[in-house]
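This report concerns only the one structure given below.
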Amino acid sequence: MQHSGCRWESAALFSLVLGGTCYFGSQRFIGAVNGVLVFGIIASFGALVAVASGDLHLDALLKANFQAVPMSIPIIVLSFVYQNVVPVLCTNLEGNLSKIRTAIVLGTAIPLLLFLVWNAVILGTITNLDLGSDNMIDPLQQLRSSNGAVGPVVEVFSLLAIATSYIGFVLGLTDFLADLLKLPAGRGSPAPYLLTLIPPLALALLDPEIFFKALDFAGTYGVLVLFGILPAAMSWSDRYSALSPSMNLPRLVPGGKLTLSIVLGGAGYVIFSELLEKFGH
């Protein structure tokens, strides 16, 4: 009972502090807070890599299991979703194309670098993985059991990573809801913030494991449909449909039908594979 009460208090405090920061804070203040959190992420990540890579075997990085690639795509896609924050980014940077491009490139490159380094550490440290086995192994659990210093660093890194993601999604979703409901953005109306903050808080309190359950579902169906199939289908319709008025807009994505077909086919293949995996047995 005490653990449950602590969970309620922690979750409510987390949402209150970060949600309040997004609602009451200025753009400069939110940027400063996010900058401090990102610095903390990089510092804790560096400490985590230093601690975990003490027994790194470079030859283990040469092993591969390509059959596991389709299963990893939903998590990879979900990890690099940022499109919902782009409208807020454009507003905050006042439409400066150079700054927007720099923010998007660096904002994607830094997580990608961390992602690759972390995977290299995991794959190079845990050498007893059976690539042909269907048994799921938690690499973090193995690292924690072999090195007691890993646990606290992981907790700090995870908290900071969730906090930065939380701020980004709150800003993006509140901006979307304000536009959808024709409400004033920012402090003009608390409704978008309440609609953004309260439902996930309630779900998290009702089922603390729902985040992990939703990761695979969101990456497979939500993200791949919303940011994979729909944009490609919309572009195809705008470019090649006879019903679409020709506006002579510049084509930002090269490759024509081939590129769009690859995007549609790739997203559709992953979704179909997951459906077949879940309901085919």
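The values are calculated or read from the model by the stated rules, or taken from the named source; none is laboratory data. Nothing here was measured: the structure is a model prediction, and the numbers come from that model. Note: ideal-geometry Cβ built from the backbone for every residue, glycine included; neighbour counts use all protein chains shown.
Out of the residues in segment 54-71 meeting the condition of being within 12 Å of residue 123 (Cβ to Cβ) and part of a helix (DSSP H, G or I), tell me which one is farthest from the chain's Cα centre (by Cα). Walk me through it before giving the result.
Step one: list which residues in segment 54-71 are within 12 Å of residue 123 (Cβ to Cβ), which gives 56-65, 68.
From what's left, part of a helix (DSSP H, G or I): 58-62, 68.
Values: 58: 28, 59: 30, 60: 28, 61: 25, 62: 27, 68: 20 Å.
Among those residues, the one meeting the criterion is 59.
For segment 87-129, the set of residues classified as more than 20 Å from the chain's Cα centre (by Cα), among the small types (Gly, Ala, Ser) and more than 16 Å from residue 53 (Cα to Cα) consists of 95, 98, listed by residue number. Confirm whether residue 153 is under 30 Å from residue 46 (Cα atoms) and either at pLDDT 80 or above or part of a helix (DSSP H, G or I) (or both). It is true that residue 153 is under 30 Å from residue 46 (Cα atoms) and either at pLDDT 80 or above or part of a helix (DSSP H, G or I) (or both). Determine whether residue 58 is without any contact (Cβ under 8 Å) to a residue 60 or more places away in the chain, surrounded by fewer than 16 Cβ atoms within 10 Å (Cβ to Cβ) and out of contact with any strand residue (DSSP E or B) (no Cβ under 8 Å at 6 or more places or on another chain). When the stated conditions are applied, residue 58 does not pass them.
Screening residue 119 with (1) surrounded by 15 or more Cβ atoms within 10 Å (Cβ to Cβ); (2) in a helix (DSSP H, G or I); (3) at pLDDT below 85 gives one miss only, at (1).
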